[in-house]
Amino acid sequence: MSIFPKSTFGQTVLLIAGLLMINQIVTYYSVVTYFIAPNYKQISQLVATQVDQIFVQGLHHSDNPQNKDFTAKTGIRFHTEESAMHAGLRDATHYPFMSRNISKSLDGPTDVRLTGGANYLIWIRPPQDRSIWISIPMQGVDELDVSPLTIYLVVISVLSVLGGWLFVRRLNRPLRALQRAAKKVGKGQFPDPLPLEGSSEMVSVTNAFNKMSQGIHQLESDRALMTAGISHDLRTPLTRIRLASEMLPDDQDWVKDGIEHDIDDMNAIIDQFIDYARQDQQEATENVDLNTLIKELINGRILEPGHSIETALDPLPNAKLRVVGIKRVLDNLIENAFRYGSENIFISTRVDHKNKALVCNVRDYGKGIPEAQLPALFAPFTQGDKARGSVGSGLGLAITKRIVESHGGQMLFSNHSSGGLIAGFTLPYSD
């Protein structure tokens, strides 16, 4: 599993955050190197010079007449180990950086500690006399820690990331709207034109999509109108032919029956053309149980002698479905299984929790279909079942596929390892 986001939004935010982090690290290093470190060195040099003068003049001796006057004027005090602990040494923090600098200046190991707060003190144990501690007050000097710098960098980082997030979100909003609209067009639905917003490139893409969607919608409308017109015009001569066949003499009933059978087949094909053009988008969705639709369809179906349907229906959550459309899908799959497969068929359902989908399979025990022909099963006007003796317009599975995909589902056809064809579909559901 990749830790890097796949979306443009996530990648852009990650890029901004990465660049910002690099910038803050460089800034932090620069401030410490060119501002804080020189200040520490300067303070270390001043402290070392002051300590060196103390020992040169012998001011650290209590019997020196200038000791008290020096202490009163400068605030510098001299402590034993014990008195230093009582005076605040135990709360002081060791500073290796200053210790190294002062040690170099005093030509010997020097222990340097600092206490902050109201009384900022530098504690020195000089190499000239390791038995004493010297406390030096630093007037007007802050603690010289990096916490204000850290807070500043954190605040700047948060504000920069927030600003980048808002910018990318604004940039990404038209893309999300375009994605949702494209999915609707893929399902045969045509949303209202998208608003032209965002960058100039995004406006151009959105405008092109709106024109494409309108063009496809117009083509679909023209096709539906043409199909309906042709179908209507064909029914008129078919009706005349049927009436004419009724006038045939009784000794030619075999001719009459053949004509009526052909007319019924042609009417069925015309109905398929109309169904394919209509797409069943007008029907409203209902929150129903797919198993209930399967049971209703099986109970209402008149089975031919020798035909049987076995079921294994797992409990399913309700889903928003167009009932008539899904029943047409099921009826088509069942009819194909009986007609081209076997007298016995098996219907099963289950829940795919990982993909949040309902799965329905209709299996027959026939010869199956060559693997090379499976991809062509759903193409309009293509009879993918030629291996099993298919006849008709070749629109049945194309209509089925369109109905399933309009629900956001997918058709799944495969040959069973033990023989026969598994014709199935998936439908999304929401918790």
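The values are calculated or read from the model by the stated rules, or taken from the named source; none is laboratory data. Just so it is clear, the model here is predicted, and its values are computed rather than measured. Cβ placement follows ideal geometry from the backbone for every residue including glycine, while neighbour counts extend to all protein chains displayed. Accessible surface areas use protein heavy atoms only, side chains included; no ligands, DNA or RNA. Shrake-Rupley method; radii C 1.70, N 1.55, O 1.52, S 1.80 Å.
Full extension of the chain segment joining Gln410 with Tyr34 gains 129.0 nm, where the gain is 0.36 nm per residue of separation less the Cα-Cα distance.
Taking a straight line from the alpha carbon of Lys41, these lysines sit under 28 Å away, with near neighbours fewer than eight places off in the same chain left out: Lys73, Lys104. Counting 0.36 nm for each residue step from Asp271 to Asn344 and taking away their Cα separation leaves a gain of 23.5 nm.
Loop-located trypsin sites (Lys or Arg not before Pro) across region 311-384 with a Cβ neighbour count of 11 or fewer within 10 Å are Lys354, with loop assigned by DSSP.
Given a Förster distance of 41 angstrom, what is the FRET efficiency for Lys356 paired with Arg235, based on the Cβ-Cβ distance and rounded to 0.05?
Computed FRET efficiency for Lys356 and Arg235: 0.40.
Subtracting the Cα-Cα distance of Ile156 and Phe55 from 0.36 nm times their residue separation leaves 31.6 nm of extension gain.
With protein chains left intact and a 1.4 Å probe, residues in region 146-260 average 69 Å² of accessible area per residue.
Computed over the chain with a Gaussian network model linking Cα atoms closer than 10 Å, the most mobile of Ser131, Ser406, Ser308 is Ser131. Which one, Met226, Met98, Met212, has the greatest fluctuation when you compute a Gaussian network model over the chain with C-alpha springs under 10 angstrom? Among Met226, Met98, Met212, the largest mean-square fluctuation in the Gaussian network model of the chain belongs to Met98. Here the accessible area of the chain is 57 percent carbon and sulfur, with a 1.4 angstrom probe and all protein chains present. Across the chain, the longest run free of exposed loop sites, meaning GluC sites (Glu not before Pro) lying outside DSSP classes H, G, I, E and B with no more than 16 other Cβ atoms within 10 Å, spans 1-142.
For Lys295, the lysines whose Cα comes closer than 18 Å to its Cα, not counting residues fewer than 8 places off in the same chain, are Lys320, Lys327.
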